[in-house]
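The values are calculated or read from the model by the stated rules, or taken from the named source; none is laboratory data. Values in this document were obtained by computation on a predicted structure and should not be read as measured data. Cβ sites come from the backbone with ideal geometry, for glycine too, and all protein chains shown count toward neighbours.
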Amino acid sequence: MDQQLIEQHKGKGEFIFQVILHTLVFSFYTIDRHHPDVMYTFETYHFVFFINYAWANLLISYVCLPHLFYAKKYALFTMMTILVVAMVILIEEMVLERWFFPDSRGTNFPGVIFSLGQVLPILAILSGFKFAWDALLKQRQLDELTAMVKESELAFLKSQINPHFLFNNLNNLYAYAVEGSRKTPEIILELSGVLRYMLYECKEASVPLAKEIDHLRNFTQLYTLQIEDRGEVFFHADIDGNDFRIAPLILNVFVENAFKHSQSGQADKIQIAIHLGLKENGWLHFTCGNNYIPENNNSGRDKGIGLENVCKRLDLLYPGSHELHIDQTDDKYQVSLSIQLRKK
């Protein structure tokens, strides 16, 4: 039912557009070029002659354009247009001129070139505006389709984050439970809080920056519990104010990868540093660095689906307004990300 209302609204809008267009073109058509002192002269023959142009335009605009030109049947469209123009000239010269001007203009045929000079400009204006109207509607439909595809792709990419997170942390939780670790209840509590945010509080396209940072801090704390005394984790957020919004879970993957790669084959001396800073112009600067042991770490060969997905999300959500740099040395991995945030 909604689609029918939309189509009716579009049809009504196009009808009003055509009425206004024909009225304007007709007003120019009635200008008397031979008497400069008189701007407009309206006679009955003006209306009848213009009707001859109007039916031709309707045939070209609503039959030839949609069924031939848009269907890429260009040769047939050209032939039909030529035929319509020829019929307009024949009706005008053989019928209307002789009817309204039997003793003057209707006595002789002025020639094809002269007749085309009178007919083609009017038909070109009427049909050209119809073509422009169709092009505008097509562009609007394309924009809507692009937005739908973008929204679907973002939903798909975002949906892959939660299973990936659960896959890693449930395995870790199982290992702690088997060992009977006293940290198991604390891990469950942290995991519950993080999942609550990921499942219920970040369904919108953007969330307050302060809330996202709180989640990232809890997310980091959850992973820090797994390191115990094997290293150090630094988390610092230099954020003032709560006026900016950010796409949810856009930074999780970088933190998750830092812990994963640092712990891979590394027994101690783990170092992970996470820093967030916000400038007054809305640029958020995020850095996440970690050390690793090259011979025991495959981070250079396998970054998983997480990093690829977050890069796609950044391209979709912040086109031309983000900078991502990843620096990897023999024993360090550093991510630097800057994002131009929007206010509420």
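Take Arg182 and tell me if it is assigned to a loop (DSSP other than H, G, I, E, B), farther than 30 Å from Lys279 by Cβ and in the same structural domain as Cys288 (by TED's automatic domain parsing). Here the answer is yes, as Arg182 does meet what is asked.
With respect to Ala258, determine if the residue is under 28 Å from Gly320 (Cβ atoms) and in contact (Cβ under 8 Å) with a residue 60 or more places away in the chain. Criteria met by Ala258. The lone criterion from (1) closer than 24 Å to Gln340 by Cβ; (2) touching a residue at least 12 places away in the same chain (Cβ under 8 Å) left unmet by Asn218 is number (1). Taking only region 224-273 into account, find how many residues are modelled with pLDDT under 80 and touching a Lys or Arg at 6+ places or on another chain (Cβ under 7 Å). Residues that pass the stated criteria total 3. Checked against (1) of a type outside the set (Lys, Arg); (2) surrounded by 15 or more Cβ atoms within 10 Å (Cβ to Cβ); (3) at pLDDT below 85; (4) closer than 30 Å to Ala135 by Cα, Glu93 meets all criteria but (4). Cβ-Cβ contacts under 7 Å between residues 6 or more apart (or on different chains), taken from a first residue in region 166-177 that is at pLDDT 75 or above to a second residue that is not in a helix (DSSP H, G or I), are listed as Tyr176/Lys183. Only one entry in His67, His9 is in a helix (DSSP H, G or I), loosely packed, with under 14 Cβ neighbours inside 10 Å and modelled with pLDDT of 85 or more, namely His67.
Step by step: first the residues of region 77-128, then only those that are among the small types (Gly, Ala, Ser) and outside any helix (DSSP H, G or I), then the one that is farthest from His67 (Cα to Cα). Which residue is that? Top of the filtered list is Ser104.
The residues of region 165-204 that are within 29 Å of the chain's Cα centre (by Cα) and exposed (fewer than 12 other Cβ atoms within 10 Å of the Cβ), listed by number, are Leu199, Tyr200, Lys203, Glu204.
Taking Thr23 as the residue in question, decide whether it is assigned by TED's automatic domain parsing to the domain that holds Thr81, modelled with pLDDT of 60 or more, out of contact with any strand residue (DSSP E or B) (no Cβ under 6 Å at 6 or more places or on another chain) and closer than 20 Å to Val119 by Cβ.
Considered against the rule, which asks whether it is assigned by TED's automatic domain parsing to the domain that holds Thr81, modelled with pLDDT of 60 or more, out of contact with any strand residue (DSSP E or B) (no Cβ under 6 Å at 6 or more places or on another chain) and closer than 20 Å to Val119 by Cβ, Thr23 comes out as yes.
Do we find that Lys332 is modelled with pLDDT of 85 or more, surrounded by fewer than 16 Cβ atoms within 10 Å (Cβ to Cβ) and basic (Lys, Arg) in this structure? Criteria met by Lys332. Look at (1) without any contact (Cβ under 8 Å) to a residue 40 or more places away in the chain; (2) within 22 Å of Arg342 (Cα to Cα); (3) assigned to a loop (DSSP other than H, G, I, E, B) and you find that Lys211 fails only one, number (3). Considering the conditions (1) without any contact (Cβ under 8 Å) to a residue 40 or more places away in the chain; (2) under 20 Å from Leu24 (Cβ atoms), Ile125 is excluded by exactly one of them, (1).
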